[in-house]
Structure formats: structure tokens, C-alpha cells
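The values are calculated or read from the model by the stated rules, or taken from the named source; none is laboratory data. Fair warning: this is a prediction, and the values are worked out from it, not measured in the lab. Accessible surface is based on the protein model in full, side chains and every heavy atom, while ligands, DNA and RNA are left aside. Shrake-Rupley method; radii C 1.70, N 1.55, O 1.52, S 1.80 Å.
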Amino acid sequence: KLMALADNDVSNNYTKLMYHATATWDNDRTKISLDLPFDYLYYFRPSDKAGGHSYFLPSLKIEHKLNLYLQMTASYAQGTAENDLSNYLGSPILRSYRIIRGSYWDMKGTRRNNGSVSLKLTDYEHTLFGNLNLSYSRRNSRWGTSQRLVDDFIIYSYVPREQKSENYTSELWINKGIDALNGKLQLRGMYSKNKSEIE
């Protein structure tokens, strides 16, 4: 099955053309989805940085039922995505009585690398439900944050420089229904590790 979606996002600062194509293969036990999102952003900023740039972040997702009780899901995405438009401020803004926030706009966007694997347990006979999830995410931004003091004010702004971050997460939870309590017991644990710059 092949599905395509086209859309356009327009504001007084930019126009964005979005074309997302998704191919899906599905049978009784396995479902495979390939998403091919293509975005083109043209920004009308009155400077030499005004212009357009394209972003392509393809992703693959596989869902497979191992047996009656276990289901595995794996996903992976790699490519470029636009920067968060909410981070851009047309001019410095006073956020509190001492903090001023400015911004830096980079049309090249952010390089992303995301992957996850999860295992779900569903035992309807004994009302036992569980989930194990492992995920990895890596971002490589072409801009970072900077701060400086001017008189009594602290000015935060975005500056063009490489900034990398990595995140590892593992999560396990198990639910068991208990009729006597008219409820359930849940055991849950999570471990997360983040490597990024702080200032």
C-alpha cells in the first residue's frame, strides 16, 4: 500500500512545502512501513541568509508478532530535519527583568539519527502485560547557545557552531491484574543517559 500526503504551511516569515510518501507492507504477523518525508522551507528573512533549503528524514518501522504472547517493534530514522521554528525570534525579546533572548537562524537544519527496539508481552489469559523498550537518539546541530553580560542584562543567543547530543533510554514495565483488589499492580523501571553540552 502506497500513500502520499502533500501540504503547505505559510506564515508571514516563511513558506514550507511538505510531501510525505509512505509505503506499507502488511500480513498476518509482520507490518513494515517506510516513510519518506520531503520538506522544502523558504524563509523570507531580509538578510543574506534568506533562501530555501530541503530536508529529508526517511524512517523504517517493522512490527512483528513472534508468537501469541510476544510482539517486537523496531524503528530507525536518519537524515536532516529543520530547526524548531519556535526557537527563532525576529528580534531580541526581554523574557524577564534581566534576561534577553535572541536567536540565530540556520537553514541547513539538524542532522538526526534515531533508533529504537521494543518487546511487548501480552498474555490475556492471565492478564499480564509488559513492555521492554530500548531507544537511541543522536542529534548534530550546526548551532549552539551563547550567553554574555551587558550591564545588568544576561543575553542568550544562538551562534553558528557544532553541537552534538546523544541519548540512551531503556524502560521495562509489567502490569498484573488482581481481581481481589479490583485493580492492578505495576512494576516499572527506567534508565536514561544523556550526553550533551551544558553552559
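Pulled fully out, how much extra length does the chain show between M190 and R138, if you take 0.36 nm times their separation in residues and subtract their Cα-Cα distance?
Working: separation 52, 0.36 × 52 = 18.72 nm, distance 1.90 nm.
That works out to 16.8 nm of additional length.
Ellipsoid fit via the Cα gyration tensor, segment 146-192: semi-axes of 49, 17, 6 Å, each the root of five times an eigenvalue, largest first. Computed with a 1.4 Å probe over protein heavy atoms only, the accessible area of H64 comes to about 50 Å². Accessible area per residue (1.4 Å probe, heavy atoms of protein chains only) ranks F129, F56 as F56, F129, with the largest value leading. The largest accessible area among Y14, Y55, Y69 belongs to the first residue in Y69, Y14, Y55, and the rest follow in falling order (1.4 Å probe, all chains).
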